[in-house]
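Just so it is clear, none of the values below were taken in a lab; they were calculated from the coordinates. All of these numbers come straight from a predicted model, not from anything done at the bench.
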Amino acid sequence: QVQLVESGGGLVQPGGSLRLSCAASGSTFSIGTMAWYRQAPGKERELVASITRDNTKNYADAVKGRFTISRDNIKNTVYLQMNSLKPEDTAVYYCNGRNRATLAYYWGQGTQVTVSS
């Protein structure tokens with residue numbers, strides 16, 4: 001089994017920055033692609049960014065040029081650097097990992113990001 005624990009959320013003013021972290025523990029060798037999703041109140045959960053084990057990255061159009069995903073396979077941690085934050089980025093952000101063999105998804109508990117003046 002894999003456990004994912006997010007940290008780094010909080011309240012930030014528009015134009016500010018935050019860095020989210022997601023630490024994986026357990027059977028981390030089984031994790032392939034990792035990703036960040038977000039869910040705003042009343043909306044569906046959406047993919048923000050993903051990164052493969054060989055560092056191929058993918059971003060939602062809404063965050064391209066502002067957010068950067070990265071991972072440290074030694075520390076079993078994935079990061080999301082968020083710059084130029086907008087009020088519409090307000091959401092609960094979830095870390096996600098996918099099992100390379102079974103294709104099952106693992107989820108963290110989520111961390112709240114609020115962008116407001």
The chain: relative contact order from alpha carbon pairs under 8 Å, six or more residues apart, as a whole percent, is 37
In whole µm²/s, the translational diffusion coefficient that Stokes-Einstein assigns to region 24-82, given a Kirkwood hydrodynamic radius over C-alpha pairs, 37 °C and 0.692 mPa s, equals 267
For the chain, how many pairs of lysine residues have a Cα-Cα distance under 21 Å, where the two are 8 or more positions apart or belong to different chains? 4
